[in-house]
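Each remark here refers to the structure printed beneath this line.
The values are calculated or read from the model by the stated rules, or taken from the named source; none is laboratory data. It should be emphasised that the depicted structure is a prediction, and the values quoted were computed from it without experimental measurement. Every residue, glycine as well, gets a Cβ built from its backbone with ideal geometry; the counts of neighbours run over all protein chains shown.
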Amino acid sequence: MKFESQRVSWWFFATCMLLFSLQIVYGFIMAFAHAGHDALHAVIPFHAARATHTNLLVMWLLCGFMGAAYYIIPEEADRELHSVPLAKLQLGALVATGVTAIIGFHFNWWEGRKFLEIPRPLDFLVVVDVLMFIFNIGMTVKNGRRFTTTSLVLFFGLLSAALLYLPGMIPTTNQTHDSYWRWWVVHLWVEGVWELIMGGILSYLLIKLTGIDREVIEKWLYVIVGFTFLSGILGTGHHYYFIGTPNYWKWVGGIFGAMEPIAFLGMAIYGVTMARKGGRAHPNRTALQWTVGCSIMSFVGAGFLGFAHTLPSVNLYTHGTLVTAMHGHMAFWGAYAMIVLAIMSFALPNLTGRRLHDAPSAQLGFWASNIGMIAMTLAFGVAGVTQVYLERRVGMDFLAVQRELEVHFIGLILAASLFTLGVCCFVWNFIRHGWPVGEVLAAGASDVTPEEAARTP
Ligand code: HEM
Ligand code: HEM
Ligand SMILES: [Fe+2]
């Protein structure tokens with residue numbers, strides 16, 4: 001850690017751990033409901049559990065991105081953060097808004113639009129909060145002693161994510177228009193600007209962990225950003241097939257949607273190649289595992305499983321089924337959850353001054369959560385394909401099909417238990433690191449101790 005103000009990121013990461021744990025609780029509530037045991041229905045009906053599960057996910061990922069920015073930007077800009085109190089205020093306000101929204105879902109105060117359920121008055125608070133965050137890191141970049149590609153890609157990713165929240169707030173009473181704008185937020189976030197955020201964090205971690213020249217790593221970052229925009233913007237069309245928009249979207253969405261996996265494939269090749277080429281291996285192997293793992297799992301979840309249902313002829317059958325949930329889990333996990341856990345694994349020993357990154361619990365955390373998530377994806381996939389077949393080929397009634405699927409959710413619960421074991425280990429390791437009291441290094445000093453450098457091959 002080079003600057004005192006980087007410490008503030010710890011509070012964002014700690015919030016991630018809390019919200020992530022709560023997200024998993026709601027995942028289990030839904031999994032049991034799907035398996036035919038909906039004991040909590042009167043208090044937490046399925047729609048409230050679902051909205052809470054997905055909104056907690058988005059909230060903890062945003063907290064993770066903010067924490068990552070507060071850790072990375074001062075170091076890249078080579079100066080202290082513009083304002084630490086503002087960062088703390090902004091975190092408190094974000095959590096207060098999020099908690100209000102989640103309590104509201106349980107009392108039917110919501111908008112009913114998947115992923116954008118937060119009621120309108122709270123949307124404005126979210127916008128104000130995110131503007132405070134953008135101002136804080138924007139001032140740090142602007143007054144910094146240097147501008148790096150990594151920090152600029154990260155900054156513009158975060159700024160665009162903030163701006164793209166606005167189309168979801170355009171008032172309309174037309175269902176087609178509403179869906180049309182909703183996808184500007186949902187799709188252009190995960191298949192557009194969030195990829196910039198991921199690319200920025202990935203490039204920072206690869207520079208730190210592999211010791212490869214910044215020029216080489218940042219050059220490839222440009223190529224990936226180029227592919228993301230080329231395919232991702234018009235790729236929005238793969239959500240416009242059946243919502244009442246003109247027919248040409250079938251072609252546009254089909255062609256550009258099919259090109260989108262190239263950006264994720266690029267990211268996977270990038271991560272793996274840089275890690276293999278790296279001359280100076282950093283002692284924090286766990287952080288490198290999360291980093292390279294993220295580049296591979298995002299390709300599988302987003303690229304490969306996204307491609308599986310992006311063509312209109314396939315999507316006609318799979319739209320809105322558990323096939324979507326299969327893809328949604330692995331994509332969100334591989335790309336965005338893993339990149340947040342990667343930067344946390346890297347930053348934590350520096351923030352706290354305790355180097356517990358080699359601990360067995362850190363390794364178990366990585367493997368159990370990833371194997372668990374692969375098994376969960378398989379369970380959702382089998383349930384999804386069965387659902388598509390029975391409901392849309394055989395023509396069985398929706399609820400009759402749901403009963404047939406119950407057995408697959410026993411498999412999901414088992415897989416999710418392994419996943420949860422992994423997450424518990426990660427959280428335990430986070431707690432063991434303790435408070436953010438790590439020392440601030442002198443300018444130019446390395447974050448690798450001489451003993452560690454001697455131990456690494
Ligand atoms: C213990 C772990 C988890 C369990 C048991 C679980 C279970 C579920 C269930 C049953 C659904 C509802 C599917 C439906 O609509 O019928 C769901 C939705 C969702 N979950 Fe999870 N989940 C877990 C963890 C996660 C994690 C870690 C992530 C992200 C990294 C995630 C992301 C999502 C997303 C994005 C959706 C919405 C999918 C869609 O739009 O179709 N979940 N989850
Ligand atoms: C990390 C990147 C990605 C994430 C986090 C992600 C996540 C999701 C989620 C949560 C949904 C459900 C959204 C909703 O119904 O509101 C979804 C839908 C979809 N995704 Fe992705 N996705 C990613 C990348 C991709 C890519 C690269 C492709 C195509 C190659 C793709 C193709 C699709 C399609 C076609 C749907 C619509 C499914 C339906 O009709 O029900 N996704 N994605
Ligand atoms: Fe999409």
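A count restricted to the stretch 12-26 and to residues that are surrounded by fewer than 17 Cβ atoms within 10 Å (Cβ to Cβ) and either among the charged types (D, E, K, R) or over 16 Å from Ile44 (Cβ atoms) (or both) stands at 2.
Just checking, which of Glu191, Glu195 is within 26 Å of Asn284 (Cα to Cα) and either modelled with pLDDT of 90 or more or in a helix (DSSP H, G or I) (or both)? Reasoning before the result, please.
Details: Glu191 fails: within 26 Å of Asn284 (Cα to Cα).
On inspection, the qualifying residue turns out to be Glu195.
Just one of (1) within 16 Å of ligand 3 (Cβ to nearest atom); (2) out of contact with any Leu (no Cβ under 8 Å at 6 or more places or on another chain); (3) among the charged types (D, E, K, R) fails for Arg276. It is (1). For Tyr204, state whether it is crowded, with 16+ Cβ neighbours inside 10 Å and in a helix (DSSP H, G or I). Yes; evaluated as a whole, the condition is true for this residue. Restricting Met326, Met344, Met274, Met297 to those that are more than 15 Å from the chain's Cα centre (by Cα) and under 17 Å from Leu206 (Cα atoms) reduces the list to Met274.
In the stretch 70-102, what residues are over 28 Å from Val25 (Cα atoms) and surrounded by 22 or more Cβ atoms within 10 Å (Cβ to Cβ)? Working first, answer last.
Residues of the stretch 70-102 that are over 28 Å from Val25 (Cα atoms), as a first pass: 70-87.
If the condition is that a residue be over 28 Å from Val25 (Cα atoms) and surrounded by 22 or more Cβ atoms within 10 Å (Cβ to Cβ), then Tyr70, Tyr71, Ile72, Ile73, Pro74, Glu76, Ala77, Leu81, Ala87 are the ones that fit.
Take the conditions (1) farther than 23 Å from Leu158 by Cβ; (2) more than 16 Å from ligand 1 (Cβ to nearest atom); (3) part of a helix (DSSP H, G or I); Thr245 misses just one of them, which is (3). Checked against the criteria, Ala454 counts as more than 27 Å from the chain's Cα centre (by Cα) and either surrounded by fewer than 15 Cβ atoms within 10 Å (Cβ to Cβ) or modelled with pLDDT of 95 or more (or both). You will find that of Ser151, Ser179, Ser231, Ser203, the residue that is within 17 Å of the chain's Cα centre (by Cα) and at pLDDT 90 or above is Ser203 and no other. Inspect all residues belonging to the stretch 111-121 and state whether any of them is within 16 Å of ligand 3 (Cβ to nearest atom), within 17 Å of the chain's Cα centre (by Cα), closer than 27 Å to His187 by Cα and assigned to a helix (DSSP H, G or I). The answer is no, given that none of the residues of the stretch 111-121 is within 16 Å of ligand 3 (Cβ to nearest atom), within 17 Å of the chain's Cα centre (by Cα), closer than 27 Å to His187 by Cα and assigned to a helix (DSSP H, G or I).
Answer with yes or no whether Leu265 is in contact with a His (Cβ under 8 Å, 6 or more places away or on another chain), assigned to a helix (DSSP H, G or I), within 14 Å of ligand 2 (Cβ to nearest atom) and closer than 25 Å to Phe229 by Cα. For Leu265, the condition - in contact with a His (Cβ under 8 Å, 6 or more places away or on another chain), assigned to a helix (DSSP H, G or I), within 14 Å of ligand 2 (Cβ to nearest atom) and closer than 25 Å to Phe229 by Cα - is not met.
Tallying residues that are over 22 Å from Pro119 (Cβ atoms) and either within 8 Å of ligand 1 (Cβ to nearest atom) or under 21 Å from the mean Cα position of the chain (by Cα) (or both) within the stretch 9-68 yields 23. Looking across Ile102, Ile134, one residue alone is out of contact with any Gly (no Cβ under 9 Å at 6 or more places or on another chain) and either within 16 Å of ligand 1 (Cβ to nearest atom) or more than 30 Å from Tyr222 (Cα to Cα) (or both). It is Ile102. Reported count of residues in the stretch 303-345, each being within 14 Å of ligand 3 (Cβ to nearest atom), among the polar types (S, T, N, Q) and in contact with a Gly (Cβ under 8 Å, 6 or more places away or on another chain), is 3.
Pairs meeting the criteria (first residue in the stretch 177-195 and without any contact (Cβ under 8 Å) to a residue 40 or more places away in the chain and closer than 16 Å to Trp249 by Cα, second residue more than 16 Å from ligand 1 (Cβ to nearest atom) and hydrophobic (A, V, I, L, M, F, W, C), beta carbons under 6 Å, at least 6 apart or on different chains) are Trp181/Ile170.
Please verify whether the stretch 43-62 includes one or more residues that are buried (at least 22 other Cβ atoms within 10 Å of the Cβ), touching a Ser or Thr at 6+ places or on another chain (Cβ under 9 Å) and closer than 18 Å to Phe332 by Cα. Within the stretch 43-62, one or more residues are buried (at least 22 other Cβ atoms within 10 Å of the Cβ), touching a Ser or Thr at 6+ places or on another chain (Cβ under 9 Å) and closer than 18 Å to Phe332 by Cα.
Could you list, in sequence order, the residues of the stretch 161-172 that are farther than 15 Å from Phe115 by Cα and within 16 Å of the chain's Cα centre (by Cα)? Ala162 - this is the single residue of the stretch 161-172 that is farther than 15 Å from Phe115 by Cα and within 16 Å of the chain's Cα centre (by Cα).
Determine whether Ala379 is farther than 17 Å from Ile296 by Cβ, without any contact (Cβ under 8 Å) to a residue 40 or more places away in the chain and buried (at least 21 other Cβ atoms within 10 Å of the Cβ).
Numbers: farther than 17 Å from Ile296 by Cβ: yes; without any contact (Cβ under 8 Å) to a residue 40 or more places away in the chain: yes; buried (at least 21 other Cβ atoms within 10 Å of the Cβ): yes.
Criteria met by Ala379.
Of all residues being over 15 Å from the mean Cα position of the chain (by Cα) and over 17 Å from Gly235 (Cβ atoms) in the stretch 300-317, which is nearest to ligand 1 (Cβ to nearest atom)? Just the residue, please. Only one residue tops the list, namely Tyr317. Taking each residue of the stretch 406-422 that is touching a residue at least 24 places away in the same chain (Cβ under 8 Å) and under 11 Å from Gly27 (Cβ atoms) and looking for partners that are among the hydrophobic types (A, V, I, L, M, F, W, C) and within 16 Å of ligand 3 (Cβ to nearest atom) with beta-carbon atoms closer than 7 Å, six or more apart or interchain, yields nothing.
Annotation for the stretch 156-179: at least one member residue is crowded, with 17+ Cβ neighbours inside 10 Å and more than 23 Å from Ala69 (Cβ to Cβ).
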